[in-house]
Structure formats: C-alpha cells, structure tokens
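The values are calculated or read from the model by the stated rules, or taken from the named source; none is laboratory data. Note that the coordinates shown come from a computational prediction; the quantities given were computed from them, not determined experimentally. Cβ sites come from the backbone with ideal geometry, for glycine too, and all protein chains shown count toward neighbours. Keep in mind that these areas ignore ligands, DNA and RNA; they rest on the heavy atoms of the full protein, side chains included. Shrake-Rupley method; radii C 1.70, N 1.55, O 1.52, S 1.80 Å.
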Amino acid sequence: MFALVDVNNMYVSCERVFRPSLIGRPVVVLSNNDGACIARSNEAKDLGVRMAQPWFEVRHLERSAGLIALSANFELYGDMSSRMMSLAAAYAPLQEIYSIDECFLDFDGMPGDRVAVGCDLRAKVLRWTGLPTSVGFGATKTLAKLANHVAKTADRKPSSYPHALAQVCDLGQLPAPALEAVMQATEVGNVWGIGHKTTARLNQGGIHSVLDLVRADATILRRQFSVVIEKTILELRGTPCMEVNDAPAANQQIMCSRSFGSPVTELPELVEVVSQFASQVARKLREQGCVAGAVQVFITTSSYRQQDRHHAPSATLPLPHPSADTRVLVSAAVRALRSIYRPGFNYVKAGVMLVDLQSPGQVQDTLDLFGADEPGPPPAQGRTGLMSAMDALNERFGRQAVTVASATRKDGPSAHASRQERRSPRYTTRLEEIVTVRA
DNA sequence: TCTGGGGTCCTAGGACCC
DNA sequence: TCTGGGGTCCTAGGACCC
C-alpha cells in the first residue's frame, strides 16, 4: 500500500505561511523572469488562470479581480520542502521524495486505519510548517496519485466525488462499485503519466474516463503508444509495476538555462551568460561529487515572435578528461557557444548542460590518440583544492564572490538579467531577511 | 512589448559488428 | 546482374513529470 503526500499549491502556500494576508485571495507565483504563472491558489484557479499561462495574459486581473503575483522564491520553497519531507518521513519505513512538494510513502504491511494516519500526518505538517497537504492511498503508486487527485478535488468541488473525504482519500477502502464510480467521474488526462498528446489520441479512440482506460486492451495500447501506458493500465488495475525508490540514483545530467530579460544578439554578452551558467552547473556537479564527460550548450530565438527568423542551435563538446573544474567547463562551454553562434539573431534564451556524468572513481579518460601535445593530468584530483576554496568563499560571501573572468560584466547593465520584481524575503534561510515581529 | 526551468524514460533509426 | 540476418550501441527527438 502506497501513499502520496502532496502540498496543496505549494509555492503559494509557502508564501501564505509568512504573509497570512494572502489567505483567501487569488495569488499566483511567477516563473523566472516573471514570465508565466507556475503556481496558483484555488482562488486564482477559479479566476481561470491556467498553469504556465503567460503573466501578460492575466495581468489585467490584478486590477479587476485583485489577483496578486509574486516572483518565485525557490530558496524559501526548497527549505520549506525539506521541513515537510522530514515530517512525512516519520510515518512510514520508506519515503521517496518525488518532487519539491510530493513524496511517496510505502506502507507495506503496516496495520491500522490509513485514513486516520493520513489525517494525523496532514495535521502535523500543517501545525509544524503551516503547509496544507493532501494524502492519497492506493495499492500502486498510480492509484495513490489518483487518490491524491480525488482528495484534492473533493475538497475544492465536493459534488464531484460525493463519497470521498476531502484532503485524505484511501482508494483501497472503496468497494468495487464505488471505485468504478470514481474512475468513471475522472477524466483520463488526470492519470499520472497520461499527458496532453496521449489524452487527445485516447479521446479519439473513445477513451475519455479513467474507467475507459482501465477496461481497454493494454496490449493494443502498448503497440499504439509505448510500454509506459501498459504499465499505467496495470497499475490502475492494482498490479504494482513501480516501487518506492528511497535512494534515487545521482542525476544523469545537470542543466542551467534561463530566458533573458530582453533579447541578446551580440556574442560577448552570450559568452558572459554561458560562462555564468557553466559556473553554476559546475558548482552543482561538485555538490553531487561527480565529473562530467561532455558539455552541451544551446541558444535559441523566440518561437513566439513570428517576425523574427528562428534559430535554435546546440552543440555538445566531449571533454578529453572528465572534469568538475569550473575553468575547464566554462572554457568548453564558451568554445561550444562560439561554434554555434551566428550574428543577427535575437536570442532570448540559453542553456548549459553537463552530460555523461561519472563519479571520479570510475572515470575513464577518453583515449586521445592525437592529443600528445596535451598532457593528461588527472584533473578530477589535481584541481579540487582550488575548486573547494572557491566553493567555500562563494558559500560564505555570496554566489558570485569568486568566479571566472568571462562570467563577469565589463561595461553597463546586462540585457539578459532576469526580472524578479516581486520576490518575497527568504525568511527561513537568510538571517537578514527573517520575519520582523512588532510588539 | 511580454510566453519557466530542470529533469526522466522510451523509441526509432543509423552506424557498426560478424 | 546479383546485395543477409542478427545483434549492439549511440543519438536525436518526443512525451511526460512537477
């Protein structure tokens, strides 16, 4: 038996913990660059704000409906998340942290009233962190996700699931006819793993509800789609195909990408951005204790601007010796950038990705038959001293305290600097931004 | 004027092997 | 003129997740 614990409207809920005046009001949290809505309060959803909807499209609701928009404050959300996760972990022997606001718990073999356990968990997380959660139980992870969806929806629109308890739902306790009624009442697109494209194709084939999918021929659908949908169907029927994974493997890639505050056309400014991104991913790489075998860089023009010529090149540069050294990675990234850059385009976004990640122990140097002029030191070892010192300085004095020269500005403000005009204080991680209480 | 960022997994197709 | 079959590995692209 699995549980899925999920914070309701996570980012908005985090903001509300420290600004209770936001409770009951329509609130959205904006993506980097204040570009799109990435979290919505129930009130904002009721105003019709869609997930990932561009801010400029709903901005008029600020005046007409009192919509409040905040810039994303990931430092705050990350810290709130770890508090919530550690509370949830105590309720089961196994926890898988699935995303910043969700975790699976494996309740296998645990006796007792699960709904009561779920309610207790909810109450504790709410009391200790201020975050409201929903808890769903099911015989498989997919059913637990479905139960969670039911729990949330039953809270917002009680009429849609008359039998379900708001905020805590155990599908395992429902008698078969009631379970079928729930599945009949739920659109297939709400199932974990069934996205936009698949939903459209399923609908064409006459599959609209979860119940339709459960009763469909899994073998035929596997042929039409992929093995993923077959597993999903089996899981919905109660056959577990996925386990709770409490020790997730290290990342296979590390990325840093961002859209710019305004378009960039000149190479020097792109060099600066790409150097900054490469420094960031290098730091993350060292945190994970890995080295990268290749660096990938992309730049892109806007796919929305019809009047601009579109150009979205990318390049991958293998490293002769896998490395976690900022200087090595920055210089590779800049070389890759120079190879793909073409003048005269309005670039709106860039990214640097580290791939072919390995732990230093298992590093296999690329055999370099013709690189005799390039002596092959073991960089993973030789440069850790400098990199550790740099990381320590940046930890203490701020992210950009020490960095490579190409990542710094020579003249004037950067066009690529992203807008973040509505960010709340980082209450829980910066002493200078802590809440002030007035007597 | 203004449209997120960071990941995973699966599949098809090409290159290559004997 | 005639042009195999079975396998692996890699990559690019697509779909999905939050």
Equivalent-ellipsoid semi-axes (√(5λ), Cα gyration tensor) for the stretch A:238-278, whole Å, largest first?
40, 13, 7
Report Rg(Cα)/(2.2 N^0.38 Å) for the stretch A:390-439, keeping two decimals.
1.59
Estimated inter-spin distance, residue A:225 and residue A:185, nm [label 7 Å along Cα→Cβ]
2.3
Kirkwood-based Rg/Rh on the Cα set of the stretch A:1-40 evaluates to 1.09
Compactness of the stretch A:53-133 as Cα Rg over 2.2 N^0.38 Å, two decimals
1.48
As an exercise, take the mean of 1/r over every pair of distinct alpha carbons in the stretch A:1-147, invert it, and state the Kirkwood radius in angstroms.
16.1
Say each of residue A:165 and residue A:402 gets a label point 7 Å from the Cα, pointing the same way as Cα to Cβ; how far apart are those two points in nm?
5.5
Given a Förster distance of 30 Å, the FRET efficiency implied by the Cβ-Cβ spacing of residue A:393 and residue A:421, rounded to the nearest 0.05, works out to 0.55
Can you tell me the orientation of helix A:384-397 relative to chain A, as the angle in degrees between its alpha-carbon axis and the longest Cα principal axis, to the nearest 10?
60
Partners for residue A:45 among lysines (Cα-Cα distance below 19 Å; same-chain residues under 8 apart left out)
A:152, A:157
Cβ-based net charge around residue A:297, under 11 Å, with every Lys or Arg adding one and every Asp or Glu removing one:
+2
Where a ≥ b ≥ c are the square roots of the eigenvalues of the C-alpha gyration tensor, would you call the stretch A:216-375 rounded, which needs a/c under 1.5, or, failing that, prolate if a/b is larger than b/c, or oblate?
oblate
With a point put 7 Å past each Cα toward its Cβ, work out how far residue A:21 is from residue A:386 in nm, to one decimal.
5.1
Express in nm, to one decimal, how much length is gained between residue A:266 and residue A:339 on full extension, taking 0.36 nm for each residue of separation and deducting their alpha carbon distance.
24.9 nm
Be a star and scan the stretch A:272-306 for residues whose amide nitrogen sits under 19 Å from the point 7 Å along the Cα-to-Cβ vector of residue A:247.
A:288-290
When the dipole is taken about the Cα centre of chain A, and only Lys, Arg (+1) and Asp, Glu (-1) are charged at their Cβ, what size is it in debye, to the nearest 20?
1160
Cα axis of helix A:74-89 to longest principal axis of chain A: angle in degrees, 0 to 90, nearest 10?
50
Over chain A, equivalent-ellipsoid semi-axes from the Cα gyration tensor in Å:
41, 27, 24
Whole-percent carbon and sulfur contribution to the accessible surface of the stretch A:33-134 (1.4 Å, no ligands, DNA or RNA) stands at 55
Please build a GNM for chain A, connecting alpha carbons under 10 Å apart, and tell me which residue among A:71, A:339, A:275 fluctuates the most.
A:339
Using only Cα atoms, what Kirkwood radius does the stretch A:138-230 have, in angstroms?
13.6
Relative to the compact-globule estimate 2.2 N^0.38 Å (N residues), the Cα gyration radius of the stretch A:1-74 stands at a ratio of 1.11
Normalised per residue, the volume of the convex hull around the Cα set of the stretch A:192-294 (Å³):
199
Could you tell me how many degrees, from 0 to 90 and to the nearest 10, lie between the Cα long axis of helix A:227-236 and the main elongation axis, the longest principal axis, of the Cα atoms of chain A?
30
Applying the Karplus parametrisation 6.51 cos²θ - 1.76 cosθ + 1.60 with θ = phi - 60° to the phi angles of the stretch A:127-141, what ³J(HN,Hα) value in whole Hz is obtained for each residue in order, glycine and proline being reported as x?
6, 8, 10, x, 8, x, 10, 10, 10, x, 10, x, 6, 9, 5
